[in-house]
Amino acid sequence: MKERKNALYKLGEKEMVEEFMEVKEKHTFSDSYEDKKQKLLKEMEVKDHTRRFQRRKLIAENVTLESCDASVATKYAIYKDARDTEPVQASNSVTPSATTFDENQSVELNTPIVMSDDKYMYNASVEYTIEGYELRDTIAGLPQAGFGYTWDSIQNIVNSDGTFAGYTHREIKRGDGANSVNEVVGENHVDVKMVYVTMKVKNTSDKEVSEIKIAPQMCCLNEDGSIPNQYTVEKVGYEGRDVYCDALTMYQEDPEAYAGQQQHYAQRYRLAPGEEKEVHVGYLVDASRTNRMVLFFNGYGRIYKSGANEAANQKIVKLY
């Protein structure tokens, strides 16, 4: 009981502590420790549920609902139907967020890349080599296992035969939340392609490396070479992350061992001492923005402009 009281104080719930002490006085010392403990916790749970209900009721009593037709009801709604709607996006979604990257960080195709040690991301013993890429109009023929946890999201933008259906992007003029609301000011259909990259990864050491990332990230630069806020498509992999990789993750290798940390190990890989293997990685992009694509290795998960501290160890591979 002391631990419970102290925990409540740490949370700043003075009111709950006082209630706890009030409840505690109701029980006699003739009760066993466990019986008293269970009675106290049960009564505190009931009081907590009652308090939450009263707060919700107070909020509801101050809300007025007015009837409207379907056109008004859906105009500002945020709902997900990947084939013809898109959750609210800023109207400046492709406005440059930074200048161009440092050209000295560019690496040619078929040139090994070595990154500095970065916990849970890179290992200095691993070489990454981007060998080439192709644009695909379908995911047909690719094993479902390679999509991992992105499989369900992928289904929202593909037809039954595996070809990409695309989606409708809605341009939103944002309201201030007090005097105006978000308003749809434009729509356009977005065709989707997969950038299917072939690369090699090699463990150059005599020790196993694990919990590393294999795939770099993708960014479709603006026409002037500047870095956009939106790297790839809005639907999947917004920040340019891969949606497909045919290398087995640590979770896929041993699901039982990592059952409690599936989300983490479903994105991490291991390489045996001296192991080298070819890997295929897929990214989804707007078909109209494939003329200035780059792959980037950066432990911060973002591509950074020239001169930024986070860009010191950044490597860029141009696909144009």
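Worth pointing out:
- Residue check, Y231 under 17 Å from the mean Cα position of the chain (by Cα) and not in a strand (DSSP E or B): yes
- Residue match in the stretch 188-205 (condition: touching a residue at least 60 places away in the same chain (Cβ under 8 Å), touching a Gly at 6+ places or on another chain (Cβ under 7 Å) and among the hydroxyl-bearing types (S, T, Y)): yes
- Of all residues in the stretch 84-124, those satisfying the criterion of being part of a loop (DSSP other than H, G, I, E, B), among the aliphatic types (A, V, I, L, M) and modelled with pLDDT under 90 are V88, V94, M121.
- Condition met for A215 (surrounded by fewer than 20 Cβ atoms within 10 Å (Cβ to Cβ), of a type in the set (A, V, I, L, M, F, W, C), touching a strand residue (DSSP E or B) at 6+ places or on another chain (Cβ under 7 Å) and under 21 Å from G274 (Cα atoms)): no
- Among the residues of the stretch 222-257, those that are touching a helix residue (DSSP H, G or I) at 6+ places or on another chain (Cβ under 8 Å), modelled with pLDDT of 90 or more and buried (at least 16 other Cβ atoms within 10 Å of the Cβ) comprise V243, Y244, C245, T249, M250, Y251.
- Count of the stretch 261-278 residues which are at pLDDT below 95 and assigned to a loop (DSSP other than H, G, I, E, B): 3
- Residue match in the stretch 107-118 (condition: surrounded by 13 or more Cβ atoms within 10 Å (Cβ to Cβ), touching a residue at least 12 places away in the same chain (Cβ under 8 Å), under 22 Å from L319 (Cβ atoms) and within 24 Å of the chain's Cα centre (by Cα)): yes
- Failed criterion for V281 (all others in (1) at pLDDT 90 or above; (2) aliphatic (A, V, I, L, M); (3) more than 26 Å from A140 (Cβ to Cβ) hold): (3)
- On the stretch given as the stretch 284-320, residues that are over 21 Å from P112 (Cβ atoms) and not in a loop (DSSP other than H, G, I, E, B) total 8.
- Reported count of residues in the stretch 119-131, each being surrounded by 18 or more Cβ atoms within 10 Å (Cβ to Cβ) and in contact with a Leu (Cβ under 8 Å, 6 or more places away or on another chain), is 2.
- Pick from the stretch 273-320, criterion aromatic (F, W, Y) and under 13 Å from Y133 (Cβ atoms), ranking: surrounded by the most Cβ atoms within 10 Å (Cβ to Cβ): Y283
Rundown of residues vs (1) among the aliphatic types (A, V, I, L, M); (2) closer than 30 Å to G225 by Cβ, yes/no style:
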residue: S106; (1), (2): no, yes
residue: T111; (1), (2): no, yes
residue: Y128; (1), (2): no, yes
residue: S180; (1), (2): no, no
residue: V184; (1), (2): yes, no
residue: V195; (1), (2): yes, yes
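The values are calculated or read from the model by the stated rules, or taken from the named source; none is laboratory data. Please read all numbers here as calculations on a predicted model, not as lab measurements. Using ideal geometry, Cβ is built from the backbone for each residue, glycine included, and neighbour counts are taken over all protein chains shown.
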